[in-house]
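Quick note: the coordinates plus some simple rules give every number you see, no bench work behind them. No experiment lies behind these values; they were computed from the predicted model shown. In this analysis, Cβ positions are derived from the backbone assuming ideal geometry, glycine residues included, and neighbour counts consider all displayed protein chains.
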């Protein structure tokens with residue numbers, strides 16, 4: 001291989017199923033990951049889209065904070081993913097979305113938050129300067145795709161992991177290859 005391979009396992013939105021289902025597998029296989037969390041106390045992710053009784057996320061109760069501190073102790077990273085994660089609200093207050101989400105998560109967990117993930121892969125258009133000004137060391141978002149690529153990846157089906165075909169967009173950034181997409 002001529003180019004070094006870098007794999008970054010990331011989980012967006014802080015959904016409870018990510019911690020209940022994926023985290024034990026990551027830990028047992030010694031695979032560190034980054035969990036990008038939304039810094040608000042809503043129990044349901046994207047409730048404005050009609051989600052009710054599903055899509056449960058971290059809502060920063062004491063049990064969540066204790067569990068997340070252990071996640072960090074186990075070698076995983078916690079990053080920020082905004083305060084509201086709301087496509088109409090974020091552009092109105094980008095500085096608050098970037099700065100306040102970092103401040104809240106650092107306060108709850110007592111650890112530095114150095115990474116930000118742009119919600120919806122395109123919010124970097126209006127959040128990039130705010131993220132930079134908030135002092136994050138790095139931010140992750142969408143990239144202009146170069147080619148479409150199909151690869152195998154693991155997918156959680158509710159009771160077990162299965163291998164599925166992943167249709168993604170391959171991009172090259174600073175000499176590293178990256179595949180983003182959906183299964």
### Task
Please arrange 92, 67 by counting, for each residue, the other beta carbons lying within 10 Å of its beta carbon, fewest first.
92, 67
### Task
Would you mind ranking 64, 29, 20 so that the residue whose beta carbon has the fewest other beta carbons within 10 Å leads the list?
29, 20, 64
### Task
For each of 65, 96, 78, count neighbouring Cβ atoms within 10 Å of the residue's Cβ, then give the residues from fewest to most.
65, 96, 78
